Amino acid sequence: MKFLSQIATIALLTGAPATAQALQYDAGRFSFKLTGYGTAGLIEPDFETPVFVGDWRVRGQLNYAANDKYTIGAVYALDANAVDEDKFMREGFIFTESRGMGRIELGFTDSVARKLGLGLPDVGGLRINDKPIFHKKITPDGPVISDTVISTGRGALRTNLVASNRGMQYGLSLAGLTDDYDWALDAGLKIRRPQGKVKTAYSFGASFMNNPDNFSTDVYTPNVTANWRAQVDAGFNLQYNSWVWGLSGRLIYDENPIGPISDGLVVGTGVSYDLMKYSVSLTYMFSDTGIWDENVPDFHDHVVVGSFRYKYSEFVDGWMSLGITSDTPFVSAGLRLTF
């Protein structure tokens, strides 16, 4: 395949410099950290014409340690997905946190249910757990729910309250002041058991959105207009030495929806293995929309992706994925640079 020989050149021309490093500055009680990544490569649907794929994210965080217990700060992030949707940020919020009380966030960011949710193991560069790139390059034949973790968007003013206790993290989110819906309430819980050879983590989330009005979920799923939307999700991760196995699912219900159906369920599982500089993963997802309405035929979508990653250095690695989605097989590869 000719495009494989072109990947390294395209990635180096479009990515960050190979010498990029994490930027962190400390001055007394202030600290600033800039992190991010850039991915560039190609995807070849049906093993025919190659198509360029690019992804990137930049995130800056400013902290001020008021004293030994309290910290306040601000976060701003921008990524390729936000730019594709004509947005000027992925997230932007202020926060305060303390050792005894937990964390409070105010601004435009993901809900607690999403932040505490567990996605699927994946070592490739196709963003499987966040609006997968392959669905933009290979248009599904019908509406697909591709993310197993709850999403209520980042376009509404939101307050997140998070606390932790004995290996548990839990919290609530309240969002409003948006044209997408009247208000949304989310809850999330994550339980971690990191001791011993076998490490486990569990997550549970729930969400209620009142009066969604042309609310955008994914670019390949119809926007939702309904009386209300309810969501629940659950996730599980198990780690044994270098093996990681994950299982997660999400259920969506819209009350009296108007227009194309965009609710249903998605479930997925995956496994990954790390050996020195090498990593491999295998991920499977199944989406079913239209399950609540007998008058609408269900649309089923199966996704299988196997990925390989080789870490050249601390900041540079290469990846390759082989998979199938919407009955279309594909191969994809590229370089990823982090800082």
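Any read-out appearing in this document is the output of simple, stated calculations on the displayed coordinates, not a laboratory observation. Because the structure is predicted, anything quoted here is derived from the model rather than measured. Neighbour counts run over all protein chains shown; Cβ positions are idealised from the backbone, glycine included.
For the reader, a short list of remarks on this structure follows.
- Residue within segment 78-99 that is among the charged types (D, E, K, R), more than 26 Å from LEU177 (Cβ to Cβ) and surrounded by fewer than 18 Cβ atoms within 10 Å (Cβ to Cβ) present: yes
- Flag if ARG229 is within 17 Å of SER111 (Cα to Cα), in contact with a Phe, Trp or Tyr (Cβ under 9 Å, 6 or more places away or on another chain) and either among the basic types (Lys, Arg) or free of Cβ contacts under 8 Å to residues at least 12 places away in the same chain (or both): yes
- Residue selected from segment 207-248 under the condition of a type in the set (A, V, I, L, M), touching a Pro at 6+ places or on another chain (Cβ under 9 Å) and not in a loop (DSSP other than H, G, I, E, B), by the criterion nearest to GLU85 (Cα to Cα): VAL224
- Of the strands (runs of 3 or more DSSP E) that lie entirely inside segment 261-324, those containing 3 or more residues that are hydrophobic (A, V, I, L, M, F, W, C), in contact with a strand residue (DSSP E or B) (Cβ under 8 Å, 6 or more places away or on another chain) and closer than 22 Å to GLN231 by Cα span 264-275.
- Criterion (within 19 Å of the chain's Cα centre (by Cα), without any contact (Cβ under 8 Å) to a residue 24 or more places away in the chain and part of a strand (DSSP E or B)) met by exactly one of LEU251, LEU189: LEU251
- Close Cβ contacts (under 8 Å, 6 or more residues apart or on different chains) running from residues in segment 76-88 that are farther than 17 Å from TYR220 by Cα to residues that are assigned to a loop (DSSP other than H, G, I, E, B) and aromatic (Phe, Trp, Tyr) comprise LEU78/PHE88.
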